[in-house]
Amino acid sequence: MIRKALLAIAAIVLVLSGVLVFNTLRFESKQESIEPVALDSLKKRSLERLQKAIQYQTISYGDSTRFDSTAFVGFRNFLSSAYPLVHAALTREVVGKYSLLYRWEGMHPELRPVILMAHQDVVPIEEATRSRWTIDPFGGIVKDNAIWGRGTADDKINLIAILEAVEKLLVQRFSPDRTIYLAFGHDEELGGKGAAALAALLKRRGVKADMVLDEGGIITTDKIPQFERPVALLGTSEKGYMSLELTVEKAGGHSSQPDPETAIDILLKAVQRIRENPFDTDLSESTRGFLEYLGPEMPFSRKIVFANPWLFSGVIKKIYESTPSGNAIIRTTAVPTIISAGVKDNVIPAVASATVNFRLLPGDKGADIIERVKRLIADDRVKVNIHNGFLAEASQVSPVDGYGFQHVSRVVRESFPRAVVAPFLMIGGTDSRHFGEISDNIIKFSPMVDPEGYHGIDEHVSLESYRLAIGFYDRLIRNLN
Ligand SMILES: [Zn+2]
């Protein structure tokens, strides 16, 4: 009897390992083999132009009264004088006062256009951290083989590298087959009204693009645990954004004789219910793609896990869940960010409110989330409203076999031959979220290696990244022909 059972177990183990090994052997690399191309060296003039671009303080302040229009107008004029051929050969429109739309007419109007995006604005320098910057954030300083300052990584490197590439192509009398648009928003850091206006204008003109490329993932050499090769992260979707305001009104009174339940009590219970009931996990399409692209490049022992998601997806989710950044990739998150109630220590407030910020996983719709929140709270005394009426649903997912992903990956493999290409879900937002009706192929990728100080202190990118970025856009445009 025991022998029979042991034999049965042995048979199951044998079949199971057979399936695991079979799947692993069949789990082939998705990295296209492409002849690498030698990119030009970085010209002194190109570097000077990026340095100058950093010096314009095109800051997006939360407080709109601090908006400095002269910085944006100055930046725009600087671009005209720095890139004379671009401004002669392309048409330029100013949209929504400060956003810019360039159009480079293609030779074959029957081909669909391509849109290259970047944003002009940068985040402010937090007063509390200014003293910790080791250089002037708006000096455009070069040291240690890097360019330093606010906006170097986010996002002037892309904007300037695109213009450098186009200017150079024009010197060489290159003419694009398809029309190329350059769309440079001016308030990405505030949600991108400029980009929304650019998208609306293109939509009115009936423009449908084969590809939109915006900032996004980077090339990382150290952010993927236990993976030695650099990885180029091509964003194929991004999470949505919504904040809910929970408000409770209940007669207040003197704190010497409190009710058993106050507005604050009711509110805190509601917030706690949301926090204690996390959303379901889901390896959404971009994350499954990430595992499918990266898995085959792993050593056999780990490859076996990625090749058999039917067995290991639970383990994979557990690994993601173990860090806040991983957790954000596999579920909609919810966190209270503002709580307000009360004005005096001996008065029970009659109103208490909390703002809870949600980042929506593709597949989770805003309306469903609101329903779920109301169900969880299960208390009519808590009113639920969308904060500022602003809801950005998660983006659609750009397919990995679509034109955008395929084209950008080939250019990456040409210009950064060591890098492994992988799709991924972006946690943060970009201006390209507004272009869902313009293209089904929106790729979020910034061609630079290990930038530092995004939205933080001592932001900088290596000169090598800048050289690669110019070369990348040059190849990207050439290869469209
Ligand atoms: Zn940005």
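Taking into account only those residues within the range 386-422 that are in a strand (DSSP E or B) and out of contact with any Phe, Trp or Tyr (no Cβ under 6 Å at 6 or more places or on another chain), which is surrounded by the most Cβ atoms within 10 Å (Cβ to Cβ)?
VAL421
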What pairs come up if the first residue lies in the range 188-203 and is on the phi > 0 side of the Ramachandran plot, the second is assigned to a helix (DSSP H, G or I), and their beta carbons are under 7 Å apart, counting only those six or more places apart or on different chains?
-> GLY192/ASP431; GLY192/HIS434
From the option list GLN226, GLN257, single residue qualifying as polar (S, T, N, Q), assigned to a loop (DSSP other than H, G, I, E, B), away from the ligand (no atom under 16 Å from the Cβ) and at negative phi is GLN257
Evaluate the range 352-372: report whether one residue or more is within 27 Å of GLU189 (Cα to Cα), basic (Lys, Arg), within 22 Å of the chain's Cα centre (by Cα) and away from the ligand (no atom under 16 Å from the Cβ).
-> yes
Considering THR129, THR91, THR134, which residue is more than 16 Å from the ligand (Cβ to nearest atom) and either closer than 26 Å to TYR403 by Cβ or free of Cβ contacts under 8 Å to residues at least 40 places away in the same chain (or both)?
-> THR91
Using the structure shown, decide if GLU452 is touching a residue at least 40 places away in the same chain (Cβ under 8 Å) and within 16 Å of the ligand (Cβ to nearest atom).
-> yes
Of (1) surrounded by 15 or more Cβ atoms within 10 Å (Cβ to Cβ); (2) assigned to a helix (DSSP H, G or I), THR236 satisfies all except one. Which?
-> (2)
If we keep just the residues of the range 188-220 that are surrounded by fewer than 24 Cβ atoms within 10 Å (Cβ to Cβ) and among the acidic types (Asp, Glu), which is farthest from the ligand (Cβ to nearest atom)?
-> ASP210
So, in the range 159-187, of the ones that are part of a loop (DSSP other than H, G, I, E, B) and either within 16 Å of the ligand (Cβ to nearest atom) or at positive phi (or both), which residue ends up farthest from the chain's Cα centre (by Cα)?
-> ARG173
Just to be sure, is SER446 assigned to a strand (DSSP E or B), out of contact with any Phe, Trp or Tyr (no Cβ under 9 Å at 6 or more places or on another chain), of a type in the set (S, T, N, Q) and closer than 26 Å to ARG288 by Cβ?
-> yes
Taking interchain pairs and intrachain pairs at least six residues apart, which have beta carbon atoms under 6 angstrom, with the first residue in the range 9-24 and touching a residue at least 12 places away in the same chain (Cβ under 8 Å) and the second surrounded by 12 or more Cβ atoms within 10 Å (Cβ to Cβ)?
-> LEU20/ILE304; LEU20/ASN308; ASN23/ALA307; ASN23/ASN308; THR24/LYS303; THR24/ILE304; THR24/ALA307
Matching residues, the range 99-114, being more than 16 Å from the ligand (Cβ to nearest atom) and either surrounded by 20 or more Cβ atoms within 10 Å (Cβ to Cβ) or polar (S, T, N, Q) (or both) | LEU101, TYR102, TRP104, PRO113, VAL114
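Readers should treat all values here as calculations from the given coordinates under stated rules, not as data from a laboratory. This is a predicted model, so every value here is computed, not measured. Reconstructed Cβ throughout: ideal geometry from the backbone, glycine too, with neighbour counts over all protein chains shown.
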